[in-house]
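Rule-based calculations on the coordinates, nothing more; no lab input. This one's a predicted model, so the numbers in the text were calculated from it and none came from an experiment. Ideal geometry is used to build each Cβ from the backbone, glycine not excepted, and the neighbour counts take in all protein chains shown.
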Amino acid sequence: MTRREKIIVGAMVLAVLYAVYILFLAAPRNPKPFAKPGGNAQQLESLNAFITKVAEKSKTRLSKKEAYILKKAQEKWAQDPLAKLRDGKLAQQRKAKPQVLKGKIQYSGFLQMGTRRLAIINGMEYENGDKLEPGGYVIGSIHPNHVVLITLDGSRRKFILPLEEMQ
């Protein structure tokens, strides 16, 4: 056995002996009680008075304002109450959010070759700006998990076509 191994084994033996002493041979310590019996009666009285006051308050009914606050807090909130509305930008972003399109059109694959991105929709490959075969839509942008489609009518509304993975 090398010198290093002897040192490690010696340290281990010392650790085991110390653990045996602590667990089996050393006398257990008596923890100090939190409050001494009969000591500091003034603190005990103030604590009892506080508990009595809280119990009395909890027995009384809630005011109309408190009941309203509790009712509203339990309902599902339409928007984050901590979000700041700056010049209505948040409201505009929600309105401008494209709708998810599901139906006849199926986005089933994504290819990227260098800077060129291709989307496989209904078994055909399309690039940005291409018109879809069923008609009525143009490819706005291609992403790995969705494609943005733009309508060809005058409204130019945007729709999101999510990637449909096949098992």
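Site pair residue 64 and residue 155 shows an inter-label distance of 4.5 nm when each label is modelled 7 Å from Cα along Cα→Cβ. Taking Cβ atoms as reference points and 14 Å as the exclusive limit, the residues near residue 10 contribute a net charge of +2, counting Lys and Arg as +1 and Asp and Glu as -1. With the largest listed first and rounded to whole Å, the semi-axes of the equivalent ellipsoid of region 96-162 from the Cα gyration tensor are 18, 12, 12. The residues 153, 130, when put in order of fewest to most other Cβ atoms within 10 Å, stand as 153, 130.
Extending 7 Å from the Cα toward the beta-carbon at both residue 3 and residue 77 defines two label points whose distance is 6.8 nm.
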